[in-house]
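First up is the structure itself, then whatever we jot down about it.
The values are calculated or read from the model by the stated rules, or taken from the named source; none is laboratory data. Owing to the predicted nature of the structure, the values given are computational and were not obtained by experimental measurement. Cβ atoms come from the backbone with ideal geometry, glycine included; neighbour counts cover every protein chain shown. To get the accessible areas, we keep the full protein, side chains included, count just its heavy atoms, and leave off ligands, DNA and RNA. Shrake-Rupley method; radii C 1.70, N 1.55, O 1.52, S 1.80 Å.
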Amino acid sequence: MKKILAPSLLAGDHGNLRASLDEVETDGRQWIHLDLMDGHFVPNLSFGPQTVADLRSGSKLFFDVHLMLQRPDLYLDPFIAAGSELITIHLEPEYDQLSAVKKIRDAGIQTGLAINPDTPVDLFFPYLDNVDLCLCMTVNPGFGGQSFKAYVLDKVRELSKRRVEGGHDFLIEVDGGVGPQHVEECLEAGVDVFVAGTSYYKANPEERAEFARSVGE
Ligand code: DX5
Ligand code: ZN
């Protein structure tokens, strides 16, 4: 299974997102993680689909779009049109989740589902055949720079076990407070995609390369 280090643009320079994005491509990464916030599902705002579309043109990176929205179903069209390669939606809010998953899949792009640190892993189970990525948040979403919650790795282990038993092929992603010091325990638990905001952007090029090597990219 491929392993990926996905820098989170939330920790980049919001006055010059293009430069922060290009930096990641120059570093040799393949993915960029984009955090969209609505001020309802999470107590913060970031940017919108126009920003994703404008960044998309001129970048070769894989756009991993994480929608932290109370009603992601209402905003799928613009994020699909923006050129997202993977759209991840949360399972906590109430909306027609099945239809939203179907809409993303029918658009021919990858589908991700996400849960917060204290949400039971069981919420993923009905979808395991129809999902490309399961995101286990390792902080309560909304802000970068928080501390990694290691207890979330129990959910990763459970997902990893079910993936083998059920013959599924979804990726498992962690997001929030992830740094090089967490790589070993995450790999052991079954993590495939490591989202890193603060720890990535504050690192120098050599440290970033070492971080990527340590995840097995
Ligand atoms: C948290 C976001 C994360 C965030 C991670 O709400 O979903 O993607 O950018 O940032 P760090 O790595 O700084 O916790
Ligand atoms: Zn995120």
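Structural remarks
- Comparing GLY190, GLY177, GLY39 in a Gaussian network model of the chain (Cα springs below 10 Å), the most mobile by mean-square fluctuation is GLY39.
- Only Lys, Arg (+1) and Asp, Glu (-1) charged, at Cβ; segment 85-125 dipole about Cα centre in debye: 220 debye
- With every protein chain in place, the chain: carbon and sulfur % of accessible area (1.4 Å): 49 percent
- Lys/Arg +1, Asp/Glu -1 at C-beta; the chain dipole; positive extreme among TYR200, GLY179, SER99: SER99
- ALA114 sits among other residues whose Cβ lies under 9 Å from its own Cβ, and their net charge, with Lys and Arg +1 and Asp and Glu -1, is -3.
- Near ARG56: Cβ cut-off under 14 Å, other residues only, Lys/Arg at +1 and Asp/Glu at -1. The net charge is -3.
- Solvent-accessible area per residue, Å², over segment 17-159 with all protein chains present [probe radius 1.4 Å]: 42 Å²
- The trypsin sites (Lys or Arg not before Pro) found in segment 128-210 that occupy coil by DSSP, while having at most 16 further C-beta atoms within 10 Å, are LYS202.
- Between GLY28, SER46, GLY12, the Cα set farthest toward the positive side of the dipole of segment 1-50 (charges on each charged residue's Cβ, about the Cα centre) is that of GLY28.
- Gain on full stretching of the segment that runs from ASP122 to HIS168 - 0.36 nm per residue minus C-alpha separation: 15.0 nm
- Separation of the GLU207 and GLN181 label points, Cα + 7 Å toward Cβ, nm: 1.2 nm
- Size of electric dipole in the chain: Cβ of Lys, Arg +1 and of Asp, Glu -1, about Cα centre, debye, nearest 20: 140 debye
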